[in-house]
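A short write-up of the structure that comes next.
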Amino acid sequence: MDKKVTLAQLKEVVQEAYDQVKTNTGGKNADYIPYLANVNKDLFGISVCLLNGQTIHVGDTDYRFGIESVSKVHTAILALRQYGAKEILDKIGADATGLPFNSIIAILLENDHPSTPLVNAGAISACSMVKPIGDSAGKWEAIVGNVTDLCGSAPQLIDELYKSESDTNFNNRSIAWLLKNYNRIYDDPDMSLDLYTRQCSLGVTALQLSIAAGTIANGGVNPVTKKEVFDAALAPKITAMIAAVGFYEHTGDWMYTSGIPAKTGVGGGVMGVLPGQFGIAAFAPPLDGSGNSVKAQLAIQYIMNKLELNVFSNNHITVVD
Ligand SMILES: NC(=O)CC[C@H](N)C(=O)O
């Protein structure tokens, strides 16, 4: 069913979601990375990017927060661009783990396979694959350039977060070397881990993330800058990965209740992709037990349900004047 909505009606729904969720006090900031524990817990923003480039934003959508695991999507896209869909499937995989994002057991259970670029193991593996191999500065330039193209503007490294995370990432160090043991790291393990940690420490806004999501929903063409960032054939590949594991062990519940493939980060960001329709992002620091933003989840669920949209239904909206 095609439903016609005006931009004003759409704005109203986003505003309603914001008003309903704003006072929710559930969850707490991530504290295993000291920087994140100190971010103002009341920050909250929602942004939608339509495929004609119009954006709707309510609340703190200009605040730069740590992109954290949402960056896994960006770098998976970069690896897909550099290697193609088949080689990423062979070298990393596209499976759900059903386990927490930083799971070591998941690596062992998948027969030495990182499973997907959207959990820590596969993301470190993806960073190792980024070309030019052996050139940390060149790889970083490629990672940041790709994030910039997807978001339509540059992210900014949050130095304090990078330091905070580098000083405390002992679990990720084990993952990097375990993957090396299984020949699933394709460059220097310490360099790959450092690139992963640095990309997680990039500061982005909810507005930027909604544009990145809009770029995926739009088949690789950034709706705002109109730049073709990646080949349209890769859009369903990355969206399938997001749908399979975007909320880690709670991905099934998320898909069932929200109807939109989305990826979370412990900085409080969630980025959702509704193919052919829009990209959406919400940000609020307090997280549930799996590291997913409580308010961002509620806001996106509200909007999807209110508009009666679902990636598994054939409902869609057309925005009219
Ligand atoms: N889920 C997340 O956002 C985790 C990202 C964080 N950088 C980590 O590796 O632990």
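Just need a number here: residues in region 267-285 that are in contact with a Ser or Thr (Cβ under 7 Å, 6 or more places away or on another chain) and surrounded by fewer than 24 Cβ atoms within 10 Å (Cβ to Cβ).
1
For region 66-111, give me each residue that is in contact (Cβ under 8 Å) with a residue 40 or more places away in the chain, of a type in the set (D, E, K, R) and surrounded by fewer than 24 Cβ atoms within 10 Å (Cβ to Cβ).
Across region 66-111, the qualifying residues are Arg81, Lys91, Asp95.
Restricting to region 19-39, give me the number of residues that are at positive phi and free of Cβ contacts under 8 Å to residues at least 60 places away in the same chain.
Residues meeting the conditions: 0.
Residue-wise test of (1) at positive phi; (2) under 17 Å from the mean Cα position of the chain (by Cα).
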| site | (1), (2) |
| --- | --- |
| Lys41 | no, no |
| Gly45 | no, yes |
| Gly53 | yes, no |
| Glu68 | yes, yes |
| Thr75 | no, yes |
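Scan region 183-208 for residues that are open to solvent by 60 Å² or more (accessible area, probe 1.4 Å) and at pLDDT below 95 and report the count.
1
Scan region 167-180 for residues that are open to solvent by 20 Å² or more (accessible area, probe 1.4 Å), away from the ligand (no atom under 11 Å from the Cβ), more than 18 Å from Val39 (Cβ to Cβ) and not basic (Lys, Arg) and jot them down.
Correct list: Ser174, Trp177, Leu178.
So, restricting to helices (runs of 4 or more DSSP H) that lie completely within region 97-166, which ones have at least 3 residues that are under 27 Å from Tyr35 (Cα atoms)? Give the derivation first.
Details: elements: 105-109, 120-129, 136-151.
Fully inside region 97-166 and qualifying: 120-129, 136-151.
The values are calculated or read from the model by the stated rules, or taken from the named source; none is laboratory data. Note that the structure is predicted; figures quoted are calculated from it, not measured. No Cβ is skipped: glycine too gets one built from the backbone with ideal geometry, and neighbour counts run over all protein chains shown. Calculation scope for accessible area: heavy atoms of the full protein, side chains included, ligands and nucleic acids excluded. Shrake-Rupley method; radii C 1.70, N 1.55, O 1.52, S 1.80 Å.
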